[in-house]
Amino acid sequence: RTPIGIRKYERTYQRELERLERDARPIPVAKLISRARDADVLLIGDYHTYGQSQRAVLRLLRELAKKIPPREMVLGVECIASHHQPHLDQWLRGQIAEDVFLKAIKYDESWGFPWDNYRGLFHFARDHGMEILALNRPRELLPPLAALSEARPAGDLGARDEWAAGIVVDELLRPRARKMIVVYGEYHLSPSHLPESIRRVARHNGIASPSLLVLHQNRDELFWKLAARGLEQQASLVALEGDHLC
């Protein structure tokens with residue numbers, strides 16, 4: 001059965017997204033590119049099993065690369081635990097083959113979603129000189145779920161938010177910070193989850209208000225709301241409340 005912490009985490013996401021969608025309105029894709037160019041951190045929801053979700057991120061990276069030199073951007077990914085960063089760096093530098101890299105990070109065991117879905121993103125970054133940062137918290141560092149639940153209502157998921165936020169803020173603290181583009185599970189992008197973790201960790205490190213832009217994907221509920229208004233075929237991109245798009 002799904003642990004209670006994960007159920008609570010999902011319910012928070014659904015409740016907060018429903019609130020963000022109250023005044024949803026279609027906007028042109030050019031608006032997304034403009035806002036993404038100006039944000040310190042772009043958070044993109046990842047639907048792990050659906051290849052079109054990762055291809056949408058790849059299309060967005062291609063558009064951003066026309067506005068920002070790729071070497072001035074960093075791709076942060078949930079699909080690799082951060083203790084495998086040395087293996088990721090070796091692959092980016094061409095020092096190990098792809099199959100050796102995947103075996104070293106135990107991709108099939110630790111993530112398991114189709115590598116072909118993510119392969120285009122990784123190759124685009126490598127071919128254009130973009131660094132990739134592994135954001136996921138290593139399972140080996142996690143205490144038992146029961147112990148986590150006492151400190152964090154979201155359990156493991158909340159701990160992962162905090163871990164990823166720390167790595168993102170480390171980049172923001174560099175003398176010349178690069179734009180962070182973070183590809184993370186959709187439920188993590190609820191305002192009180194990863195976005196709030198980033199803001200909280202940033203405040204603790206003297207960064208008052210990092211500029212975040214959150215791009216959700218694959219919201220069935222939003223599609224039907226648009227359909228009720230006759231807009232479902234006219235809106236490939238929708239502005240939600242605040243710094244959230246879909």
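The phi-based Karplus calculation (6.51 cos²θ - 1.76 cosθ + 1.60; θ = phi - 60°) puts the 3J(HN,Hα) values of the range 178-193 at 9, 5, 8, 10, 10, 10, 9, x, 3, 4, 5, 8, 4, x, 8, 9 Hz, whole numbers, x for Gly and Pro. Measuring r between the beta carbons of D38 and Q85 and using R0 = 22 Å, the FRET efficiency lands at 0.20.
In the chain, the DSSP-assigned H stretches of four residues or longer account for a calculated mean residue ellipticity at 222 nm of -14500 deg cm²/dmol, using -39500 (n - 2.57) per stretch and the full residue count as denominator. Modelled this way, with points 7 Å down the Cα-to-C-beta line, the labels at I68 and A228 are 3.6 nm from one another.
Placing a pseudo-label 7 Å from each Cα along the Cα-to-Cβ vector at T49 and R22 gives an inter-label distance of 3.3 nm. Expressed as a whole percent, the accessible surface of the range 165-246 that belongs to carbon and sulfur atoms is 49, based on a 1.4 Å probe. Rolling a 1.4 Å probe over the heavy atoms of the protein chains gives the chain an accessible area of 50 Å² per residue. Listed by chain and number, the lysines whose alpha-carbon sits under 29 Å from that of K66, ignoring those within fewer than 8 places in the same chain, are K31, K179. Expressed as a whole percent, the accessible area of the range 1-128 that falls on carbon and sulfur atoms is 48 (1.4 Å probe).
Annotation for the range 206-243 versus the range 26-75: alpha-carbon center distance of 14 Å. Full extension of the chain segment joining E196 with R174 gains 5.9 nm, where the gain is 0.36 nm per residue of separation less the Cα-Cα distance.
Using a simple spin-label model with pseudo-atoms 7 Å out from Cα toward Cβ, R203 and S110 lie 3.2 nm apart.
The values are calculated or read from the model by the stated rules, or taken from the named source; none is laboratory data. Note that the structure is predicted; figures quoted are calculated from it, not measured. When we count neighbours, we look across all protein chains shown, and the Cβ atoms used for this are built from the backbone with ideal geometry, even at glycine. In case anyone asks, the SASA skips ligands and DNA or RNA and just uses the protein heavy atoms, side chains included. Shrake-Rupley method; radii C 1.70, N 1.55, O 1.52, S 1.80 Å.
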